[in-house]
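Single-structure report; data block below.
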Amino acid sequence: MNKSTKLYKKAMDSYYKGNIDIAIEQCEQSISENNSNGSSINLKGLLYYFKGELDNAQTLWKMNYKVNNDEISAKYYESSKNDLEKLQLYVKARKLINALRIDDALNLLYICKESDFNSIQVNNSMAECFIKKGAYEKAIECINKVLELDKKNDTALKNKKTLANFGLTQKRNYKNTPKITAAIFLVLIFSLILVFVYNSRASLFMKFQKNTADKTLSEKKSNKALITKHQTAISPSSKVLPTITVSDSKAVLPTVTISETKDTESFPSADVKKSIEAKDYDKLYEYVDKWQNKTLAIDDKSVLNAALDNLKSDGVQYYYKKGSTLAINKDYKNAMDSLFKAYKYGIESYLYPHILYFLGFTEQNLNEIELSMNYFEEYDSKYPSGNYEEAVLYQLALMNKDINTDKSKKYANKLKVNYPKSIYNNDKIKQILTM
């Protein structure tokens, strides 16, 4: 057995084990030893095809057909011509995901899934959509399909971690991976092009990223200020003091009697405990909001702290899921209420970056531009490498366009420099940079 064939078999073994990048490298080594090894060329093209690199895949197959008269490569090449449209659909689906039009994005991704092209990124994007919809079992299926091809894929591993945080687990099943011999490789690989389905990358969310619990004092003050501003914006209008009319005669000021009766309401310890057991987070939110700044007995304070701990953990997850679902369904007013509750107690939660993005998105759709910018700016400050950063920079650039030209240019330039291949680097961004 010559060296080129040995390297090809190693590449196949790496492919079976989910080491797609190593397999591509081994294919390159095999081809360098023998550029007539059509099996290595076809495999390398197929791996590029799975990764969504259509130009690279087509170049290899076209070359293999012309140089080595490989009929399988010719079929691959002809079949792949239809995938350019799927690439365009994938780009549209990513835009829809960032706009939280999840069902519309899934409709396009299902079309993309009809072939194996770009299967890693398509499956990752579908997993992101299913997580946002709460369809966790379907998300697991998509994640596993990615990991079968690329077990070190960052996006899939982060999505897997997110599901683990939801109490779900996934297992990779290598038993279902076919053991293909070299003799039947060409036939079976061609079948893969027609039959197998895999899917894709990232980003919206959603790269779920756990926020560090060690927050600085300045960050807490910033969050407190934003909470105060938000509560002021949504609170009832202030009470209007009565007007006192002074006539020419002496005005007699009304006598004000100050009641010295004390608030004798006692802390409802038993009710709070029942709400904790029942996981009634709406009740817990009311109790904590009402009693957290009051002087309590030690036992009552302990019960209130237990309620607060529940809000900061499972309660944040409850309000985020509820709020994000409402936002996706365009019920922005109710979404904002739930998301803000998650924001108020979620600064130490791994969901915090997602809460920030959804709040910015929701406030934007409620035409609360200043609040929306505040949330997006906080996201950009704390998560400059987060899943939503491209979309956040794009929105900040557009929202500041007619308000603050310097800030608009700053965000547009940051998008261009840090994400040169982003789908958001469009004519609107170019126009801002030339202002």
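The values are calculated or read from the model by the stated rules, or taken from the named source; none is laboratory data. In this text, all values refer to a predicted model and were calculated from it rather than measured experimentally. A quick note on method: Cβ atoms are made from the backbone with ideal geometry, for glycine too, and the neighbour counts reach across all protein chains shown.
Structure values in brief
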quantity: Some residue of region 130-145 being part of a helix (DSSP H, G or I) and closer than 24 Å to LYS421 by Cα; calculated: no
quantity: Filter pass, SER79 being crowded, with 22+ Cβ neighbours inside 10 Å and modelled with pLDDT under 90; calculated: no
quantity: Members of region 114-131 that are crowded, with 24+ Cβ neighbours inside 10 Å and among the charged types (D, E, K, R); calculated: GLU128
quantity: Filter result for the condition that a residue is surrounded by fewer than 17 Cβ atoms within 10 Å (Cβ to Cβ) and under 14 Å from ASP116 (Cβ atoms), over LEU54, LEU47, LEU87; calculated: LEU87
quantity: Which numbered condition TYR287 fails, given (1) under 30 Å from the mean Cα position of the chain (by Cα); (2) surrounded by 21 or more Cβ atoms within 10 Å (Cβ to Cβ); (3) not basic (Lys, Arg); calculated: (1)
quantity: 1 or more residues among the β-branched types (Val, Ile, Thr): qualifying helices (runs of 4 or more DSSP H) within region 292-374; calculated: 298-310, 316-328, 352-365
quantity: Residue in region 409-422 that is at pLDDT below 90, among the basic types (Lys, Arg) and more than 14 Å from ALA99 (Cα to Cα) present; calculated: yes
quantity: So LEU359, is it closer than 30 Å to ASN305 by Cβ, surrounded by 21 or more Cβ atoms within 10 Å (Cβ to Cβ) and outside the structural domain of ASN98 (by TED's automatic domain parsing); calculated: yes
